[in-house]
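Working notes for the structure below.
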Amino acid sequence: MASLNKLQFTFTRNLNKLLTVCFSSGFEVTMGEVFRTELQQQVYFKLCKTKTLDSYHLKRLAVDLHLFKDNIFLSENSAYEFLAEYWGKLDPRNFAGYYWGWDAMHFEMREYERSDRR
Ligand SMILES: [Zn+2]
């Protein structure tokens, strides 16, 4: 298994590519969390802002991106579909929250490959 550092390096390089696609597609982007402490995760869990205590944010292997077009924040899931598709093509270990139906702004890299080829 690849070391955590090696995964984090690859994740960060892929995040760079993801951001570049955002900009070249005419969007502005702000970032939410990348790293999250266990305490913060527990708070989110209690507030029902997350469904897991085992987030990839704890490993610096996840990011939340907020897309803007003409200074308008895009909150609809559909706005993130093209990014989810691109993210999946960058690495078979990349997962996009868009496909879960409740976390479209979330992009993460796991230690294992997806079963699909999205
Ligand atoms: Zn997230």
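The values are calculated or read from the model by the stated rules, or taken from the named source; none is laboratory data. All values derive from a computational prediction rather than experimental measurement. Backbone-built Cβ (ideal geometry, glycine too); neighbour counts: all protein chains shown. Areas reflect the complete protein model, heavy atoms only, side chains present, ligands, DNA and RNA absent. Shrake-Rupley method; radii C 1.70, N 1.55, O 1.52, S 1.80 Å.
What tally of residues in segment 75-118 results from selecting those that are away from the ligand (no atom under 15 Å from the Cβ), under 14 Å from residue 62 (Cβ atoms) and open to solvent by 20 Å² or more (accessible area, probe 1.4 Å)?
Of the residues in that region, 2 qualify.
Take the residues in segment 1-21 that are farther than 12 Å from residue 62 by Cα and within 16 Å of the ligand (Cβ to nearest atom); name whichever of them is least open to solvent (accessible area, probe 1.4 Å).
18
Need the failing condition index for residue 54 against (1) within 13 Å of the ligand (Cβ to nearest atom); (2) of a type outside the set (S, T, N, Q); (3) over 17 Å from residue 107 (Cα atoms); (4) open to solvent by 90 Å² or more (accessible area, probe 1.4 Å), just the number.
Of the numbered conditions (1) within 13 Å of the ligand (Cβ to nearest atom); (2) of a type outside the set (S, T, N, Q); (3) over 17 Å from residue 107 (Cα atoms); (4) open to solvent by 90 Å² or more (accessible area, probe 1.4 Å), the odd one out for residue 54 is (3).
So if I check each of 38, 28, which one is more than 14 Å from the ligand (Cβ to nearest atom), open to solvent by 60 Å² or more (accessible area, probe 1.4 Å), out of contact with any Cys (no Cβ under 9 Å at 6 or more places or on another chain) and without any contact (Cβ under 8 Å) to a residue 60 or more places away in the chain? Don't jump to the end; show me each part of the working.
Working: 28 fails: out of contact with any Cys (no Cβ under 9 Å at 6 or more places or on another chain).
Exactly one of 38, 28 is more than 14 Å from the ligand (Cβ to nearest atom), open to solvent by 60 Å² or more (accessible area, probe 1.4 Å), out of contact with any Cys (no Cβ under 9 Å at 6 or more places or on another chain) and without any contact (Cβ under 8 Å) to a residue 60 or more places away in the chain, namely 38.
Go over the candidates 90, 39, 67 one by one and state the one that is among the aliphatic types (A, V, I, L, M), more than 11 Å from the chain's Cα centre (by Cα) and over 21 Å from residue 14 (Cα atoms).
None of the other options fit; the residue is 39.
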